[in-house]
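Questions regarding the structure given below will be posed in turn.
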Amino acid sequence: MDDIQKRQIVTEAKAFWDRGYPQKAGMLIFERIALEHRANWAANILVFAYRHIDPIPEIDTVLQFAKHPDLWSRDQRNEAHGIFDAVYTRTTRLSERDLFVGLVSQLAEHTAAIAYTSTQKWDCFDHSRGWDIADVLSKNIKYLQLDEAVAWQTLANERYILLDEPIICHRGCPICQLPMWDYLSNIKQSKMADNKELTASSASA
C-alpha cells in the first residue's frame, strides 16, 4: 500500500471518528492491518490508557501475551485463552465506582482477544473486537480525560496500515465467511471476493 492510500484510509476513518462513529473508524483501520501486526497494534492502544491507572496483574499478562503471541504453542490453547478469561472475570467484578479501571480493562479484553485470534492456531474471538477497541478507546478518552490527539495517532498509526485488501482474520470466523456488515460496502465487497476465491480453492483441493 502506498502513502496516498494510507492517508486516504486514515482521512476517511478520522471523519467517522470526528462524527462520533469510532467503531466505523476502527473498522476502516483494523481491516488494513496484517495478522502479524494486529496484536502489537492493540497492545499499543492498551498501553496508552493503562499508564493512567495503577498496575493490574491480569492486564500485565495481557500485554506480555500480546507482545509475544508467537511464543504460545497449540498445546497451550487453554492457558492462552485463560489470559482473556482472567481479565474478563476481573472486569465483571468491578463496581460502578471503578469506571476508569473498568474501561481500561475492556481495552485489555479486546487486546487479548485480538492477539489470540491473530495466532491462527485456535478458535477465534468475535471479529468485531478489532473494530470495538476504537469505541472503547473513545470512552477512555472521554472519562479519563486523555489526550485525544495522541490517542488518535496510536489508533491510526500508519506503520500498521499495510494491506491493500482486507483479509480473513481466521478460517473459523463467521463474519469473514458470511459478511454481515451494514456499512463500508467497499470493504465488504472485497472481503466477499476473497471468500469466493477461498471457497473455490477449497473445493478443488
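The values are calculated or read from the model by the stated rules, or taken from the named source; none is laboratory data. What you see is a predicted model; the values in this text were computed from it and never measured. In this analysis, Cβ positions are derived from the backbone assuming ideal geometry, glycine residues included, and neighbour counts consider all displayed protein chains.
Any residue at all in the stretch 41-51 that's of a type in the set (S, T, N, Q) and either more than 28 Å from Ile167 (Cα to Cα) or over 17 Å from the mean Cα position of the chain (by Cα) (or both)?
Taking the stretch 41-51 and keeping what is of a type in the set (S, T, N, Q), we get 44.
Subsequent filtering for residues that are either more than 28 Å from Ile167 (Cα to Cα) or over 17 Å from the mean Cα position of the chain (by Cα) (or both) retains none.
No, because not a single residue in the stretch 41-51 is of a type in the set (S, T, N, Q) and either more than 28 Å from Ile167 (Cα to Cα) or over 17 Å from the mean Cα position of the chain (by Cα) (or both).
Examine the stretch 91-109 for a residue that is under 16 Å from the mean Cα position of the chain (by Cα), in a helix (DSSP H, G or I), within 21 Å of Ile168 (Cβ to Cβ) and among the small types (Gly, Ala, Ser), and state whether such a residue exists.
No: the stretch 91-109 contains no residue that is under 16 Å from the mean Cα position of the chain (by Cα), in a helix (DSSP H, G or I), within 21 Å of Ile168 (Cβ to Cβ) and among the small types (Gly, Ala, Ser).
Among the listed residues Glu12, Glu79, which satisfies the condition of being of a type in the set (Asp, Glu), surrounded by fewer than 18 Cβ atoms within 10 Å (Cβ to Cβ), over 12 Å from the mean Cα position of the chain (by Cα) and under 24 Å from His170 (Cβ atoms)?
After ruling out the rest, the residue left standing is Glu79.
Residue-by-condition table, conditions (1) of a type in the set (A, V, I, L, M); (2) farther than 19 Å from Phe30 by Cα:
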position: Asp98; (1), (2): no, yes
position: Thr111; (1), (2): no, no
position: Tyr116; (1), (2): no, no
position: Val136; (1), (2): yes, no
position: Asp164; (1), (2): no, no
position: Ile167; (1), (2): yes, no
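Here is a yes/no grid of residues against (1) of a type in the set (Gly, Ala, Ser); (2) in contact (Cβ under 8 Å) with a residue 40 or more places away in the chain:
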{"residue": "Met1", "(1), (2)": "no, yes"}
{"residue": "Asp18", "(1), (2)": "no, no"}
{"residue": "Lys24", "(1), (2)": "no, yes"}
{"residue": "Pro57", "(1), (2)": "no, no"}
{"residue": "Ala66", "(1), (2)": "yes, yes"}
{"residue": "Glu79", "(1), (2)": "no, no"}
{"residue": "Val87", "(1), (2)": "no, no"}
{"residue": "Thr92", "(1), (2)": "no, no"}
{"residue": "Ser95", "(1), (2)": "yes, no"}
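Let me ask something else. For residues that are assigned to a helix (DSSP H, G or I), basic (Lys, Arg) and under 17 Å from His127 (Cβ atoms), tally how many sit in the stretch 1-60.
2
Tally the residues that are surrounded by 14 or more Cβ atoms within 10 Å (Cβ to Cβ) and in a helix (DSSP H, G or I), restricting the search to the stretch 65-76.
Final tally of qualifying residues: 4.
Follow-up question, since we're still on this one. So in the stretch 121-171, with the set limited to residues that are more than 15 Å from the chain's Cα centre (by Cα), over 21 Å from Val10 (Cα atoms) and assigned to a loop (DSSP other than H, G, I, E, B), which one is modelled with the highest pLDDT?
Out of the qualifying residues, it is Gln145.
When you look at Gln120, is it within 27 Å of Gly172 (Cα to Cα), surrounded by fewer than 20 Cβ atoms within 10 Å (Cβ to Cβ) and in contact (Cβ under 8 Å) with a residue 60 or more places away in the chain, yes or no?
Answer is yes for this residue.
If you check Ile114 against the conditions, is it closer than 25 Å to Ile175 by Cβ, part of a helix (DSSP H, G or I) and touching a Gly at 6+ places or on another chain (Cβ under 8 Å)?
Here the answer is yes, as Ile114 does meet what is asked.
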